Amino acid sequence: MPPPSTKNSVRIDKWLWAARFFKTRALASKACDLGRIHSNEIEAKPARDVRIGDMLRIKNEGGEFHVEVLQLSEMRGPAAIAQALYRETEDSKEKRQREAAERKAMQQYAPLPEGRPSKRDRRRIIQFRSGA
């Protein structure tokens, strides 16, 4: 278990990696460069310092997170420890859940697969058509 940092601030790319928003520090740094990370409503560069109490807006493949920094850490640890580093706002949680439900509902309207069906798929189609 990595102990929380005793420093006043930590680089934002290290903190995002330690808080498990990104798998690698390089991905966290790239997200900062692409403008997907905002600290206190200001676009953050990878070297920007994060302090306790900062409000971060993080866009990644999991959605858009609005979080408050509760603790600092430069070391990546277990997920339970990482989740103790921040608190997500209620609005952010609700919005992400609503978007996930919309994505799930849209899957039924997904385009048909291209190409020929496999042998197993053909057997299922024949079985369905014969009513068995």
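Every read-out reported here was derived from the displayed coordinates using simple, explicitly stated rules and does not represent laboratory data. Just so we're clear, the structure is a prediction, and the values are computed from it rather than from any experiment. Note that each Cβ is placed from the backbone with ideal geometry, even for glycine, and that neighbours are counted across all protein chains shown.
List the residues whose amide H sits under 5 Å from the amide H of residue 20, counting only those 5 or more places along or on another chain, with H placed 1.01 Å from N in the peptide plane.
none
Stretch residue 80-residue 7 to full length: gain in nm at 0.36 nm per residue minus the Cα-Cα span? Walk me through the numbers before you get to the answer.
Values: separation 73, 0.36 × 73 = 26.28 nm, distance 2.13 nm.
Extra length available between residue 80 and residue 7 comes to 24.2 nm.
Tell me, in nm to one decimal, what length is gained between residue 51 and residue 90 on full extension, where the rule is 0.36 nm per residue of separation less the Cα-Cα distance? Write down the numbers at each step before the final one.
Details: separation 39, 0.36 × 39 = 14.04 nm, distance 2.12 nm.
Here the segment from residue 51 to residue 90 would lengthen by 11.9 nm.
Quote the FRET efficiency, to the nearest 0.05, computed for residue 20 versus residue 110 with a Förster distance R0 of 22 Å and r equal to the Cβ-Cβ distance.
Values: r = 30 Å, r/R0 = 1.34.
Efficiency for this residue pair is about 0.15.
Short version: ³J(HN,Hα) in whole Hz for each residue of region 104-112, in order, from phi by Karplus 6.51 cos²θ - 1.76 cosθ + 1.60 (θ = phi - 60°), x for Gly and Pro, what are they?
Running phi through 6.51 cos²θ - 1.76 cosθ + 1.60 with θ = phi - 60° gives 5, 5, 6, 5, 6, 9, 5, x, 5 Hz.
Once you have the Cα-Cα distance between residue 127 and residue 34, take 0.36 nm times their residue separation minus that, and quote the gain in nm to one decimal.
Details: separation 93, 0.36 × 93 = 33.48 nm, distance 5.06 nm.
So the extension gain works out to 28.4 nm.
Compute a Gaussian network model of the chain, connecting alpha carbons closer than 10 Å, and tell me which residue from 55, 106, 75 fluctuates the most.
It is 106.
Counting only pairs 8 or more residues apart or on different chains, how many lysine pairs in region 1-91 have their Cα atoms under 19 Å apart?
9
Using the Cα centre of region 7-132 as the reference point, and only Cβ charges (+1 on K/R, -1 on D/E), how large is the resulting charge dipole? Debye, rounded to the nearest 20. Could the numbers behind the result be given before it?
Numbers: 28 positive and 18 negative charges, 207 e Å.
Charge dipole of region 7-132: 1000 debye, to the nearest 20.
Any idea what the dipole of region 60-121 comes to, in debye rounded to 20, about its Cα centre with Lys/Arg Cβ at +1 and Asp/Glu Cβ at -1?
The dipole magnitude comes to about 460 debye.
Can you compute 3J(HN,Hα) from phi for each residue in region 91-101, using the Karplus curve 6.51 cos²θ - 1.76 cosθ + 1.60 with θ = phi - 60°, rounded to whole Hz and x for Gly and Pro?
Values, residue by residue: 4, 5, 4, 4, 5, 5, 5, 5, 5, 5, 5 Hz.
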